[in-house]
Every structure is written in structure tokens, then in C-alpha cells.
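Before any comments, here is the structure.
Read-outs: derived from the displayed coordinates by stated rules, not from any lab. Because the structure is predicted, anything quoted here is derived from the model rather than measured. Positions of Cβ are backbone-derived with ideal geometry, glycine not excepted, and every protein chain shown enters the neighbour counts.
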Amino acid sequence: RRDKWVTDEFELLDVLGRGKFGEVKRCKEKSSGRQMAAKIVSIAKEQEKKDVLNEIDIMKSLQHPRLIQLYDVFENKKQICLVLEL
């Protein structure tokens, strides 16, 4: 979604981990209280954006109980946030 940012629908909590391109935070859905993970990735270069969009496409196509499921995606000019099962 480009019309909203993750903080419109989720409360960002503690940091679970950091990586080369961003970080993962625990988050809580405001409407339901459900705990999720928000993977926030910086997209300074066009190739970085392509890589993240490719990851999103792969996650959408995979459905298996042993794989983390993609719940939602938010995008702005500098970042993409993937909301995932915790």
C-alpha cells in the first residue's frame, strides 16, 4: 500500500534484529491487538527496490505451514515495510 504507512495500522514495538538494509521490529495491529513482525527495508537504489519486490512476489506465491507468511506491505519513497507472522 502506498496510501498509508505501517504506523497507521500497527504500533511498532521493540527491535528484533538488524541487517544490512534495515531492521525487524515486533509490532501490534491496532484493530485486533495481534502481534506481528515488521521488516522495514531501506530502498536507496532502484536495484534494492527490485530485490524487495522480488522477495514479496516469492512470499506471496509460497503457502506452507513451516514458512513465515506475508500479511501486508507498505511502501513510501525511501522504505518498504513487510508485515509478517511473528
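Here are some notes:
- Net charge dipole size for the chain [Lys, Arg +1 and Asp, Glu -1 on Cβ; Debye, nearest 20]: 140 debye
- Whichever aspartates and glutamates have a C-alpha closer than 14 Å to that of LYS28, once near sequence neighbours (fewer than 8 apart) are set aside: ASP8, GLU9, GLU11, ASP14, ASP72, GLU85
- Shape class for segment 1-45: oblate, because the ratio a/c of the largest to smallest gyration tensor axis (alpha-carbon atoms, square roots of eigenvalues) is 1.5 or more and b/c is at least a/b.
- Taking amide H positions as modeled 1.01 Å from N, with prolines and chain starts lacking one, the residues under 5 Å from ARG34 and 5 or more places away or on another chain are GLU29.
- Pair LYS20, ARG1: separation of 7 Å Cα→Cβ label points (nm): 3.1 nm
- Whole-Hz couplings from phi, Karplus 6.51/-1.76/1.60, listed for segment 39-53; x for Gly and Pro: 9, 9, 10, 6, 10, 6, 10, 4, 5, 4, 5, 4, 5, 5, 5
- Sequence-separation-based contact order of the chain, relative, with Cα cut under 8 Å and 6+ spacing, percent: 29 percent
- Computed over the chain, Kirkwood Rh from alpha-carbon pairs, angstrom: 13.2 Å
- Distance between the 7 Å Cα→Cβ label points at SER32 and ASP51: 3.1 nm.
- In order along segment 25-31, phi translates into HN-Hα couplings of 10, 5, 9, 10, 5, 5, 6 Hz, rounded to whole numbers, per the Karplus curve 6.51 cos²θ - 1.76 cosθ + 1.60 with θ = phi - 60° and x for Gly and Pro.
- Amide H contacts under 5 Å for GLN79, placed H, 5+ residues apart: ILE43
- Under 5 Å between amide hydrogens, built in the peptide plane, is the criterion, and for TYR71 it picks out VAL83, LEU84, GLU85 among residues at least 5 positions away or on other chains.
- Listed residues LEU84, ILE43, ILE58: farthest to the positive end of the dipole of the chain (Cβ charges): ILE43
- Each peptide among 6-19, 29-42, 73-86 gets the average number of other Cβ atoms lying within 10 Å of its residues, and from highest to lowest they stand as 73-86, 29-42, 6-19.
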